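The values are calculated or read from the model by the stated rules, or taken from the named source; none is laboratory data. Please read these numbers as outputs of a predicted model, since none were measured by experiment. Here Cβ is always computed from backbone atoms with ideal geometry, including for glycine, and neighbour counts include all displayed protein chains. Just so you know, the surface numbers come from the protein's heavy atoms only, side chains and all, with ligands and any DNA or RNA stripped out. Shrake-Rupley method; radii C 1.70, N 1.55, O 1.52, S 1.80 Å.
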Amino acid sequence: MIVLEKIRNKIFWIVDFLKGSPIKKHVYNIKHIVEFPESQENIIEQNNTLNNVLKFASTMVPYYCNSNSIKLTDFPVINKNIIRDNLEKFIAKDQTKENLIQVVTSGSTGTPFKVYHNQNKKNRNTADTFYFGKQAGFSLGEKLVYFKIWTQVNSKSKIKSFIQNIDMQDVMDISDKKIDSLVESLKCDKSNKGILGYASALEAICRYLDSNHHEIRIPRINSVIAMSEGLNSYTKEACIKYFSTNVVSRYSNVENGIIAQQMTNDTSKEFVINWASYFIEILELDNDNNVPLGKPGRIVITDLYNYAMPMIRYDTGDIGILNWDLNKKRKVLTNVEGRKMDMVYDTSGNLMSSFTITNNMWLYTEIKQYQFIQKSENQYLFKLNLNEKFTREEQLITEFKGYFGQNAEIDIEYVDEIPLLNSGKRRKVVNLYKKTI
């Protein structure tokens, strides 16, 4: 099996060489910029790359053609709804959809969202994947155990999955029986492996192992990357225990690619930003002004390589905090959270991080699934799914009153299942009281 891994690796780079090494060149560029962000040469190159895509958009993209400036802040902030309503206007004049690569995502709410990439953008995304995968410990050619929602649209054929060495695991079927079968398969597999998937799927596997196979250790797992959802402390520690490797969180989306990722040798939990492929802004929640460093705001990105459908100042719908890293060499994301609408408030009206819930619920190991809902100014609800009777209601309520206010009214409801969204994810934190968008 290891021989096959090496063969896959060699064949890929030979094919890339015969095409002029486009991906290898991108990988080198990404590595140079991400690892040496303070280099004057790289700063100049980044500014030129940004100015080039702004200039192209202002002359070749109908939605932006009325702009008389190539200054980034003169461009409007856009979002999924604006793109959906004006899709044709976002496609460059020199492109036809038939010659482009269509990328479709269900989005966190299950509403389809479609964008287009040109070949160079696809190559850039491939190079980003190789570079950031390697930073997490994954090498091209190894088996990738990939947890996500697999449909007829994105599923790979048996031949393609064999060539790419991808083991497709559908999060829509993450039952105990399925996990048990997967664990046995991984134990017997002699090949080197990496795991990539939704953080909630990794948590479900770890909780199952806690309950049924707490002594097991799964060999030959060289990397674990959590994506799409916040990675809590429990899952991070449990993955180290069962897979004997560190787990990192990746911040990415389907429409753009890998935006930032934690590094395995970094205990600060900072996200190293992919400045090589994107320009990041953090804007206020209720206006388009930049927030000071260290303050949470909307993550707005400019894609530097999509010339088929330039996405300038695209509001990702996520919240993040931008700050300097510990060595003051580069700006990093010190916090990344999910959709703005799923942030919650304490009883005094202060915006609370959703990690207040997710990072403290791991102590309640008897809970199989949970969902925290803010219903009004001071009314909150925990939906709990357990395999056994819950004896710590009072402790749970007392603890979270400490976070949200002593006048918080916290109820508990027992359910058989927390339903998945159409995207295959579960909303652990829901705000029914006040929207922040």
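Just one of (1) modelled with pLDDT of 90 or more; (2) assigned to a loop (DSSP other than H, G, I, E, B); (3) within 27 Å of GLN261 (Cβ to Cβ) fails for LEU54. It is (2).
Yes/no per residue for (1) at pLDDT below 80; (2) in a helix (DSSP H, G or I); (3) closer than 16 Å to TRP13 by Cα; (4) in contact with a strand residue (DSSP E or B) (Cβ under 8 Å, 6 or more places away or on another chain):
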{"residue": "GLY107", "(1), (2), (3), (4)": "yes, no, no, yes"}
{"residue": "ASN123", "(1), (2), (3), (4)": "no, yes, yes, no"}
{"residue": "GLN135", "(1), (2), (3), (4)": "no, yes, no, yes"}
{"residue": "TRP150", "(1), (2), (3), (4)": "yes, no, no, yes"}
{"residue": "SER155", "(1), (2), (3), (4)": "yes, no, no, yes"}
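Among the residues making up segment 208-230, those that are at pLDDT 85 or above, not aromatic (Phe, Trp, Tyr) and not in a loop (DSSP other than H, G, I, E, B) are LEU209, ASP210, ILE221, ASN222, SER223, VAL224, ILE225, ALA226, MET227.
On the basis of being assigned to a helix (DSSP H, G or I) and farther than 13 Å from THR365 by Cβ, does SER200 make the cut? Yes, satisfied. Residues of segment 157-175 that are exposed (fewer than 14 other Cβ atoms within 10 Å of the Cβ) and not in a loop (DSSP other than H, G, I, E, B): LYS158, ILE159, LYS160, PHE162, ILE163.
When LYS31, LYS89 are checked against the criterion of being among the basic types (Lys, Arg), under 23 Å from GLU281 (Cβ atoms) and surrounded by 13 or more Cβ atoms within 10 Å (Cβ to Cβ), LYS89 stands alone in meeting it.
Only residues that are open to solvent by less than 60 Å² (accessible area, probe 1.4 Å), under 13 Å from TRP275 (Cα atoms) and more than 26 Å from the chain's Cα centre (by Cα) were counted in segment 44-59, giving 1. Here segment 319-349 is the region considered, the condition is being at pLDDT 80 or above and not in a strand (DSSP E or B), and the residue that is nearest to ALA204 (Cα to Cα) is ASP346. ASN81 meets all of the listed conditions (1) buried (at least 17 other Cβ atoms within 10 Å of the Cβ); (2) within 29 Å of GLU284 (Cβ to Cβ) but one, namely (1).
Taken as a whole, the structure places ILE11 among residues that are of a type in the set (Val, Ile, Thr) and either without any contact (Cβ under 8 Å) to a residue 12 or more places away in the chain or open to solvent by less than 70 Å² (accessible area, probe 1.4 Å) (or both). Per the conditions (1) modelled with pLDDT of 90 or more; (2) assigned to a helix (DSSP H, G or I); (3) open to solvent by less than 80 Å² (accessible area, probe 1.4 Å); (4) over 17 Å from TYR234 (Cβ atoms), the sole criterion not satisfied by PHE400 is (4).
Picking from residues in segment 265-284 that are out of contact with any strand residue (DSSP E or B) (no Cβ under 6 Å at 6 or more places or on another chain) and open to solvent by 20 Å² or more (accessible area, probe 1.4 Å), the one that is modelled with the highest pLDDT is TRP275. Of all residues in segment 86-100, those satisfying the criterion of being touching a residue at least 40 places away in the same chain (Cβ under 8 Å) and not in a helix (DSSP H, G or I) are ILE91, ALA92, GLN95, LEU100. Of all residue pairs spaced 6 or more apart or on separate chains, those with beta-carbon atoms under 7 Å, a first member in segment 199-219 that is open to solvent by 60 Å² or more (accessible area, probe 1.4 Å) and a second member that is of a type outside the set (Asp, Glu) and not in a helix (DSSP H, G or I) are ARG217/SER244. Residues considered: LYS236, LYS187. Of these, the only one that is under 22 Å from GLN369 (Cβ atoms) and basic (Lys, Arg) is LYS236. Scanning for something in contact with a strand residue (DSSP E or B) (Cβ under 9 Å, 6 or more places away or on another chain) and closer than 30 Å to LEU72 by Cβ, does segment 238-249 turn up at least one residue? Within segment 238-249 (the criterion being in contact with a strand residue (DSSP E or B) (Cβ under 9 Å, 6 or more places away or on another chain) and closer than 30 Å to LEU72 by Cβ), the answer is yes, since at least one residue qualifies. From the list PRO76, PRO37, the one residue that fits, being part of a loop (DSSP other than H, G, I, E, B), of a type outside the set (Gly, Ala, Ser), out of contact with any Phe, Trp or Tyr (no Cβ under 8 Å at 6 or more places or on another chain) and within 21 Å of ILE259 (Cα to Cα), is PRO76.
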